Amino acid sequence: MSQIVYKRSPGLQDVETHYCPGCHHGIVHKLIAEVLTELDLLDTTVGVCPVGCSVLAGNYINCDFIEAAHGRAPAVATGVKRTHPELPVFTYQGDGDLASIGAAEIVHAAMRGERFTTIFINNAIYGMTGGQMAPTTLEGQKSTTSQSGRDRNVHGLPVRMAEMLSTLDGMAYAERVCVADIPSLNKAKRAIKKAFTLQMKGIGFTFIEVLSTCPTNWGMSPVEAGKWVKSTMSQYYPLGIVKDTEVTA
Amino acid sequence: MRGKVTFNLDRCKGCGLCVSVCPKEILWLNEKVTNIKGYHPSGILDQSKCIACGNCAKICPDSVITVERLDEEK
Amino acid sequence: MQKELWKGNEAIAEAAVRAGCRAYFGYPITPQNEIPEYMSVRMPEAGGVFVQAESEIAAINMVYGAAAAGVRAMTSSSSPGISLKQEGISYLIGAELPAVIVNMMRGGPGLGTIQAGQADYFQATRSPGHGDGRMIVLAPSGIQEAADLVAEAFDLADTYRNPVMILADGMIGQMMEPIVWHKRAPKALPPKDWAALGREGAGNTHFVTSLRLQSSANEVFNQQLMGKYQLITAEEVRWETHECDDAEVIIVAYGTTARICQSAARKLKQEGIKVGIFRPISLWPYPYEALRELAKQASVKSVLTVEMSLGQMIEDVRLAVCGLKPTPFYGRTGGMIPETEQVSEKVRQLLQEVKS
C-alpha cells in the first residue's frame, strides 16, 4: 500500500499557467490553494487579482475571482468584503500594483482595517511589462528603466511595505516570508494560513509580503534567483513577523 | 521507507527547483527527453534512494510532481 | 401622495436607497457633497454600506467590487472627479457590471469653478471611458425627475448590465423643490448568476473580468456590446416636448437650461413668437428621430441649441436635423448661467435673420 505524501492541490484548477519556468507566483498560488483547501474556504472565497503577471490568477486558483484595474484591488476588495462580510476575500498583488500605482488604496485599506487579506508578491521588478524598475527594486539593481542600476539620488530607495503599513493601527497581522527553499516555504504557508484564519475571526487587515523571484527579468536561472532572494533581497527586506496584534492584544 | 515520484512530464517547464531541493540529489533535468513544451523535464535518477520527503513536489511551481510513500513489504 | 420639500442631492441619495442601492462609495467634491453626507447616515440605516473612499478612483473601484458581488452600488462626483473615474467606468463596461454614477456637473476645464455647467456632455455621451463602451446617460431637469430617474437608472443598469449615469448640473443638486415618492412596481430583472459570491462547486468558479487577452475573443465581446447598445438605442430613448406644434423656433436644451428656455418661450409667446422646447432626457441614446420629425415641420424656421458649455450637444442636434433647418447655438459656459432674456434676444435675432 502507499500513502500520498504530496499531490497537486484541488485548490488549483487543472490547467497550465502562463508563468515563466521557476516563477514563484506558481508556488504562492499553490500555497494559497492548499490553505483554502485545508480551511475549507474554496467554495466561498473571492480573490481579487489586478493587472500584473498574476492578472490571470482567476484561471488558476479554484475559487471565485474578480479582476481589478491596476492598483485598485484593495478598493475592489473593500467593495466585496463590506457588502459580504461573511465571504473570505483576498487580494493578490504585485509590487508595481501595490507599492506604486495602488499605494493609496493599500494604505487606506490598512488604515480602515478592512477585514480582507492581501498577498503581496514583492519581486522587485515589473514582470508582465518586461522588467522595469519597481518601487521595491533594490539599490544598484538593474532594470529596463534603471539600466545602470537603481540610483538613490535619482530613484530614491526601495520601500518596505510590510513595515510601512504596520504603522497603521488597522493592520492586525503582517509578515514577510519567501518561498525560496522548503523551510521558508513552510513558514510562508503557515503565515498565509494564519492570515486567512484571522480574517475569518473578523480581525482587521492581514498582510503577507512574499519575496519572490522573477528569473526572466532578473536574467537569472530559477535556482540562482531563489538564492538571490535569500542572500540579497532578504537583507533589505527582513523576513519574519512585522506586526501581530494578537500577540500584543 | 521508500518513495515513488511521478511527473506530469508535459507540464514541466524544466525550471530545476525540484532538483535543487532534493536532499538525496536524485533528481535531474532529463536531457534525453524533450517534452511537448520543448523543455528537458525533471526525472528521477534512482527511485530506490527516494525517502518520500515530498520537497520536490512542494516547491514545484506547476505542481507536476506527485510523491507517494511506499510501505515496506515485510 | 404627500409632497415633501427636498434638496436635489439628498433626493438623489434617498431615491437610490429606495431603489435598493445598498452600497455607496463617495468622495467630497462640490457641488455634490450632500450625497455622501446624506448616505453616511442613511445607508447604514438601510442596512447598506457607506465608505468615504480615499479618492474618486478608489470609490469607483469599490463600486466595481460591490457590483461584481451582485449588490446595487452607486457613486457620485462632479466633473473633475468623474474624469478620475473614467478608467473604472470602462472596467464596469468591460466586465458588464451594473452601477449608477451621478455627475453633478460644474464649470471646467481643470479645476474650473464650482458653479453649474454642462461641459461634460461629450465625456458622458461619447466616451465614458477608454474603448468602444457606451453608457446610458439620463439628464433630469428638476428634483422630482432626478429622483424618478435614479430609480430607473438602477433598473436599466441591472437590465442591461451596464453603468448608467445621472448627468445633472450643479443647480439640480443644490436646488430644493417639492416632490412625491412614487411607488414603483418592482421590475422583472435578469438574475445575477454571474456574481462572484463563491463558486458553484469545484472548477465551476465565477471570474468577473474585462480582460480578453485573445483579440479575436475581445472583438466578439465588443460586437456583443454593439448588440446591447442597439437594443438600448431602440428601447430606451427618452425626451419631452413643450408646445412644438406649429412652432417657428425649436429650442433644444436639457437639464436646468431647458427650464430657463421654457421661461423664455413663455415670454416670447406673449410677443406672438411661437417657440417650442425639445428636451432630451436620455442624452445617450439620443432622441435623433424625434428631433428630426420636429425639424421637418414646415412652421419651424430654426432649431436653436442652448447649453451651459461652448457647444457639445449641438453636434447631436446637427446629426438629427441633418441640414433640414438652420441649427444655431447659444450658450454660457465656465459656470455662468444663461438668462431668460438673453435666450429670448437670441430667438428674436434668429427670426430677424430668417425674415431678411
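The values are calculated or read from the model by the stated rules, or taken from the named source; none is laboratory data. As the structure is a prediction and not an experimental result, all values here were calculated from the model. Every residue, glycine as well, gets a Cβ built from its backbone with ideal geometry; the counts of neighbours run over all protein chains shown. These area figures cover heavy atoms from the full protein model, side chains too; ligands, DNA and RNA do not enter into them. Shrake-Rupley method; radii C 1.70, N 1.55, O 1.52, S 1.80 Å.
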Restricting to the stretch C:25-50, name every residue that is of a type in the set (S, T, N, Q) and either touching a residue at least 60 places away in the same chain (Cβ under 8 Å) or buried (at least 24 other Cβ atoms within 10 Å of the Cβ) (or both). C:30, C:32
Looking only at the stretch A:44-61, count every residue that is within 8 Å of another protein chain (Cβ to nearest Cβ), open to solvent by 10 Å² or more (accessible area, probe 1.4 Å) and under 18 Å from residue A:192 (Cα atoms) and tell me the total. 1
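Within the stretch A:13-23, count every residue that is more than 7 Å from every other protein chain (Cβ to nearest Cβ) and under 18 Å from residue A:130 (Cα atoms). Spell out how you get there, then give the answer.
Going residue by residue through the stretch A:13-23, those that are more than 7 Å from every other protein chain (Cβ to nearest Cβ) are A:14-15, A:18, A:20.
Remaining after also requiring under 18 Å from residue A:130 (Cα atoms): A:18, A:20.
Here the count works out to 2.
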Residue tally, condition under 20 Å from residue A:233 (Cα atoms) and of a type in the set (Val, Ile, Thr), over the stretch A:85-130: 3
What is the residue count in the stretch A:32-43 for residues that are at the interface with another protein chain (Cβ under 9 Å from one of its Cβ atoms) and either at pLDDT below 95 or under 17 Å from the mean Cα position of the chain (by Cα) (or both)? 1
Those residues of the stretch B:26-61 which are facing chain A (nearest Cβ under 7 Å) and either assigned to a helix (DSSP H, G or I) or within 12 Å of the chain's Cα centre (by Cα) (or both) amount to B:52, B:54, B:55, B:57, B:58, B:59
Against the conditions (1) open to solvent by 10 Å² or more (accessible area, probe 1.4 Å); (2) in contact with a helix residue (DSSP H, G or I) (Cβ under 6 Å, 6 or more places away or on another chain); (3) facing chain C (nearest Cβ under 9 Å), where does residue A:82 fall short? Just the number, please. (2)
Going residue by residue through the stretch A:2-14, is there one that turns out to be assigned to a loop (DSSP other than H, G, I, E, B), in contact with a strand residue (DSSP E or B) (Cβ under 6 Å, 6 or more places away or on another chain) and open to solvent by 10 Å² or more (accessible area, probe 1.4 Å)? yes
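Can you name every one of the helices (runs of 4 or more DSSP H) wholly within the stretch A:173-249 that holds 3 or more residues which are open to solvent by 50 Å² or more (accessible area, probe 1.4 Å) and not aromatic (Phe, Trp, Tyr)? Explain how you work it out, then say what you get.
Values: elements: A:182-200, A:215-218, A:222-228, A:245-248.
Those helices (runs of 4 or more DSSP H) span A:182-200, A:245-248.
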Working carefully through the options C:58, C:66, find the one that is under 19 Å from residue A:105 (Cα atoms), in contact with an Asp or Glu (Cβ under 6 Å, 6 or more places away or on another chain) and buried (at least 24 other Cβ atoms within 10 Å of the Cβ). C:58
Residue under evaluation residue C:18, criteria (1) buried (at least 24 other Cβ atoms within 10 Å of the Cβ); (2) more than 14 Å from chain A (Cβ to nearest Cβ), criterion not met: (1)
Taking residue C:151, is it out of contact with any Phe, Trp or Tyr (no Cβ under 9 Å at 6 or more places or on another chain), touching a residue at least 40 places away in the same chain (Cβ under 8 Å) and within 30 Å of residue A:42 (Cβ to Cβ)? no
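Suppose the filter is outside the structural domain of residue C:333 (by TED's automatic domain parsing), over 14 Å from the mean Cα position of the chain (by Cα), open to solvent by less than 30 Å² (accessible area, probe 1.4 Å) and of a type outside the set (Asp, Glu); does residue C:202 pass it?
Details: outside the structural domain of residue C:333 (by TED's automatic domain parsing): yes; over 14 Å from the mean Cα position of the chain (by Cα): yes; open to solvent by less than 30 Å² (accessible area, probe 1.4 Å): no; of a type outside the set (Asp, Glu): yes.
Here the answer is no, as residue C:202 does not meet what is asked.
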